[in-house]
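Chemist: Here it is, the structure in full.
The values are calculated or read from the model by the stated rules, or taken from the named source; none is laboratory data. From a predicted model like this one, the values you see are computed outputs, not experimental measurements. Neighbour counts are summed over all protein chains in view; Cβ atoms, including those assigned to glycine, are modelled from backbone coordinates with ideal geometry.
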Amino acid sequence: MTRMRAFSLTTLAMLAFAGNSILGRLALKTTQIDAASFTSIRLASGAIMLWLIVLSSRKKVTIRGNWFSALALFAYAGMFSFAYISLPTGIGALLLFGAVQATMISFGLWQGERFTTLQLFGFACAIAGLMVLMMPGISTPPLQGALLMLGAGVAWGVYSLRGKGAVDPIGVTAGNFIRGAVFALCLSLLMLNPVSLDRPGIMYAVLSGALTSGIGYTIWYTALPGLKATQAATVQLSVPVIAALGGVLLLNEALTLRLVLGSIAILGGIVLVIRKH
């Protein structure tokens, strides 16, 4: 793969990942759709799109996955949706991304990896940045939404760790999305009374599932062979920044000093941690 092709695919994938946060916040702030229905439609749309990609693939791809990974995927998508009822786009993406990286880094430490002094400093910076975001004040994110998004990040980190090194990532993702959609539909049935749907909300959920999730993940897996592991980890630092800008432009959200300082500390700290891996 040429460097330009890898760069182009990576850029598209990062825009797709940020688009998930933007579409989720748009749907749950500006439309009538409820969080459970958004989750169900998102996962079902992603499953259909990935199934179609598998069917049209020239390579031998089969639908795989397993129920435990699907449960982690569902937990991520569900908590993500309920968190974005109250969280601004940028803060939500930053909490999500920070929790994902913290989960994966903590797993590495548990497996016996050790930090250098610079990595310890970076980890401390990231924790300090998270504390800045959560400190009481006018722009403090709602505690329930913040905890849900942190939980979503942990679930996504678990899902990522379980899928790390998959021989057939698209087939595995397709199978997990199909199984995850089953969990999401069960959640919607359990919450049948407060169900609320409208056309814009359904449209955003379908776009989030089919476009920014299904096609986005496919593009990312296509780009990965052209990236080093550290590059793949570092480039994802752009996602919260893109999401925050999207929230400012599309939802008139404020770009606060707290968000800027927290972002610098968390993302800068993570750079220091992963650059040595």
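Chemist: Just to be sure before I move on: is Val100 among the β-branched types (Val, Ile, Thr), within 21 Å of Ala265 (Cβ to Cβ) and in a helix (DSSP H, G or I) in the structure I sent?
Modeler: yes
Chemist: Suppose the filter is within 28 Å of Ser263 (Cβ to Cβ) and in a helix (DSSP H, G or I); does Leu95 pass it?
Modeler: When the stated conditions are applied, Leu95 passes them.
Chemist: Is at least one residue of the range 109-131 in contact with a Ser or Thr (Cβ under 8 Å, 6 or more places away or on another chain), over 20 Å from Tyr221 (Cβ atoms), part of a helix (DSSP H, G or I) and in contact (Cβ under 8 Å) with a residue 24 or more places away in the chain?
Modeler: Checked against the condition, which is being in contact with a Ser or Thr (Cβ under 8 Å, 6 or more places away or on another chain), over 20 Å from Tyr221 (Cβ atoms), part of a helix (DSSP H, G or I) and in contact (Cβ under 8 Å) with a residue 24 or more places away in the chain, the range 109-131 yields at least one hit.
Chemist: Can you tell me which residue among Gly46, Gly65, Gly78 is in a loop (DSSP other than H, G, I, E, B), over 21 Å from Leu251 (Cβ atoms) and touching a Ser or Thr at 6+ places or on another chain (Cβ under 9 Å)?
Modeler: Testing whether each residue is in a loop (DSSP other than H, G, I, E, B), over 21 Å from Leu251 (Cβ atoms) and touching a Ser or Thr at 6+ places or on another chain (Cβ under 9 Å) leaves just Gly65.
Chemist: Hey, any hits in the range 188-205 for a residue that's closer than 23 Å to Val239 by Cα and among the β-branched types (Val, Ile, Thr)?
Modeler: No, the range 188-205 contains no residue that is closer than 23 Å to Val239 by Cα and among the β-branched types (Val, Ile, Thr).
Conditions (1) farther than 19 Å from Ala174 by Cβ; (2) crowded, with 24+ Cβ neighbours inside 10 Å, marked per residue:
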| site | (1), (2) |
| --- | --- |
| Met4 | yes, no |
| Leu15 | yes, no |
| Arg42 | no, yes |
| Ile48 | no, no |
| Trp67 | no, no |
| Met104 | yes, no |
| Leu109 | yes, no |
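Chemist: Report those helices (runs of 4 or more DSSP H) wholly inside the range 186-241 carrying at least 2 residues which are farther than 20 Å from Arg5 by Cβ and modelled with pLDDT of 90 or more.
Modeler: 199-206
Chemist: Checking the structure you have, find out if any residue of the range 53-65 is under 16 Å from Gly153 (Cβ atoms), among the hydroxyl-bearing types (Ser, Thr, Tyr) and in contact (Cβ under 8 Å) with a residue 12 or more places away in the chain.
Modeler: No, there is no match, as no residue in the range 53-65 is under 16 Å from Gly153 (Cβ atoms), among the hydroxyl-bearing types (Ser, Thr, Tyr) and in contact (Cβ under 8 Å) with a residue 12 or more places away in the chain.
Chemist: Also, I was wondering about something else. What number goes with the only condition from (1) crowded, with 24+ Cβ neighbours inside 10 Å; (2) within 22 Å of Val248 (Cβ to Cβ) that Ser86 does not pass?
Modeler: (1)
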